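Asker: Pasting in a structure now, in structure tokens, and then I'll have a few things to ask.
The values are calculated or read from the model by the stated rules, or taken from the named source; none is laboratory data. Just so it is clear, the structure is predicted and the values come from calculations on it, not from any experiment. Backbone-built Cβ (ideal geometry, glycine too); neighbour counts: all protein chains shown. For the accessible areas, the whole protein counts, side chains as well, though only heavy atoms, and no ligand, DNA or RNA atoms are used. Shrake-Rupley method; radii C 1.70, N 1.55, O 1.52, S 1.80 Å.
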Amino acid sequence: MTDNHFAVQDADSPLAIGARIKMSLSQLNPTERKIVEWLIAKGNISEKTSLREVACALNVSEPLLVKVAKKIGFSGFRELRSSLISYFDSLPFEKEEEVTEHDSLDTVLDKVFSSSIQALKEARSVAESRTIGNAAKLIFSARRVIIFGVGGSASVGEDFEHKLLRLGIISHSYSDFHLMLMAASQLNEHDVVIAISQTGVTQEILNAVNTARAHKAKIICITNNDGSPLSQCSDMSIFSPAMSGPLLGQNAVARIVQLNLLDSLFIAILLVDYQGNKEKLANGINIVGPLHGRKGFLE
């Protein structure tokens with residue numbers, strides 16, 4: 001088990017500050033989470049906003065605000081406020097707004113694309129190349145690769161299964177709980193599980209992962225929350241920070257981030273043995289290409 005907890009670091013970029021705060025949400029109770037989600041929405045506070053003003057706006061006590069600031073990695077409210085202002089200055093919009101029923105389609109397009117682009121930038125700011133590189137080596141050398149995901153994460157897992165097949169890595173993606181448990185029970189120390197869960201608390205995924213761990217399989221997870229049970233029981237965690245919202249939602253943006261992270265992981269696997277994997281990639285494209293009237297790889 002690795003310690004995946006991220007405290008906000010002095011050297012963090014403004015985008016990483018926002019990403020790491022979002023990744024800490026799983027550590028908070030509902031009241032604390034509501035406070036942080038309000039604070040991190042651009043437009044709610046400025047560099048002159050006092051502790052008392054925030055307490056009044058949220059109808060909470062000032063000591064609670066200080067406690068929450070420390071819980072997510074800051075020395076107190078002032079440091080949190082200063083870091084948030086730096087984060088807000090890096091955002092491409094003046095005020096964070098959800099899609100509403102009164103928006104024109106042009107406005108909807110702007111908001112959806114802006115939300116996705118921002119999430120990708122924040123995910124990149126906390127993506128660790130060493131972790132992705134080590135995960136790629138594990139997958140490349142594994143006897144068997146199993147992918148777990150339910151709901152929206154299931155389609156992300158199926159997409160990665162297809163990508164791995166292009167490199168000659170035979171994997172399988174499971175979304176049915178019983179099949180996940182059965183597959184996990186057949187694994188050993190030479191196998192790798194890729195578990196995808198944005199919340200990191202999906203019970204079916206956790207049960208299957210714990211079964212795989214009991215059989216000594218290595219666990220790589222894709223999740224939003226660094227303090228989540230899934231992250232804490234994984235050997236490696238790749239983080240996909242994304243906020244939830246009533247219309248845009250967490251899952252819609254999270255899928256885009258997850259797909260990009262897995263694309264990066266796919267390329268990292270390709271680079272483990274570039275010449276050999278390039279040949280396998282070409283074999284797949286050359287055999288399928290003619291069926292669609294396309295030329296072969298690199299022709």
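Asker: For region 220-253, which positions are surrounded by 22 or more Cβ atoms within 10 Å (Cβ to Cβ), in a helix (DSSP H, G or I) and at pLDDT 85 or above?
Answerer: Initial filter on region 220-253 (surrounded by 22 or more Cβ atoms within 10 Å (Cβ to Cβ)): 220-226, 228, 230-231, 234, 237-243, 253.
Adding the requirement that they be in a helix (DSSP H, G or I) leaves 230-231, 253.
Once the filter is applied, which keeps residues that are surrounded by 22 or more Cβ atoms within 10 Å (Cβ to Cβ), in a helix (DSSP H, G or I) and at pLDDT 85 or above, region 220-253 yields Leu230, Ser231.
Asker: Now a separate question. Restricting to region 91-127, name every residue that is of a type in the set (Gly, Ala, Ser) and in a helix (DSSP H, G or I). Step through it out loud before you land on a result.
Answerer: From region 91-127, those of a type in the set (Gly, Ala, Ser) are 104, 114-116, 119, 123, 125, 127; that's our starting set.
Ser114, Ser115, Ser116, Ala119, Ala123, Ser125 - these are the residues of region 91-127 that are of a type in the set (Gly, Ala, Ser) and in a helix (DSSP H, G or I).
Asker: Might you check whether a residue that is under 22 Å from Ile267 (Cα atoms), surrounded by fewer than 18 Cβ atoms within 10 Å (Cβ to Cβ), modelled with pLDDT under 95 and of a type in the set (Gly, Ala, Ser) occurs anywhere in region 168-177?
Answerer: Within region 168-177 (the criterion being under 22 Å from Ile267 (Cα atoms), surrounded by fewer than 18 Cβ atoms within 10 Å (Cβ to Cβ), modelled with pLDDT under 95 and of a type in the set (Gly, Ala, Ser)), the answer is yes, since at least one residue qualifies.
Asker: Got a sec? Which of Ala69, Ala57 is at pLDDT 95 or above and open to solvent by 40 Å² or more (accessible area, probe 1.4 Å)? Explain how you work it out, then say what you get.
Answerer: Details: Ala69 fails: open to solvent by 40 Å² or more (accessible area, probe 1.4 Å).
Of the residues listed, the single one that is at pLDDT 95 or above and open to solvent by 40 Å² or more (accessible area, probe 1.4 Å) is Ala57.
Asker: Only residues that are under 20 Å from Pro241 (Cβ atoms) and either β-branched (Val, Ile, Thr) or exposed (fewer than 15 other Cβ atoms within 10 Å of the Cβ) (or both): list them for region 100-132, please. Write out each step before concluding.
Answerer: Our first condition is that a residue be under 20 Å from Pro241 (Cβ atoms); within region 100-132, this holds for 111-132.
Scanning region 100-132 gives Val112, Phe113, Ile117, Val126, Glu128, Ser129, Arg130, Thr131, Ile132.
Asker: Hey, can you tell me all the residues within region 178-206 that are under 23 Å from Ile132 (Cα atoms) and open to solvent by 60 Å² or more (accessible area, probe 1.4 Å)?
Answerer: Matches in region 178-206: Glu189, His190, Val201.
Asker: For the list (1) modelled with pLDDT of 95 or more; (2) under 17 Å from Asn260 (Cβ atoms); (3) part of a helix (DSSP H, G or I); (4) out of contact with any helix residue (DSSP H, G or I) (no Cβ under 6 Å at 6 or more places or on another chain), I need the number of the one condition that Ile194 fails.
Answerer: So the condition that Ile194 fails would be (3).
Asker: Look at Phe88 and say whether it is of a type in the set (Phe, Trp, Tyr), open to solvent by less than 60 Å² (accessible area, probe 1.4 Å) and not in a helix (DSSP H, G or I).
Answerer: On the way: of a type in the set (Phe, Trp, Tyr): yes; open to solvent by less than 60 Å² (accessible area, probe 1.4 Å): yes; not in a helix (DSSP H, G or I): no.
No; evaluated as a whole, the condition is false for this residue.
Asker: Filter region 29-54 down to the residues that are closer than 14 Å to Glu79 by Cα and assigned to a loop (DSSP other than H, G, I, E, B), then identify the one that is most open to solvent (accessible area, probe 1.4 Å).
Answerer: Lys48
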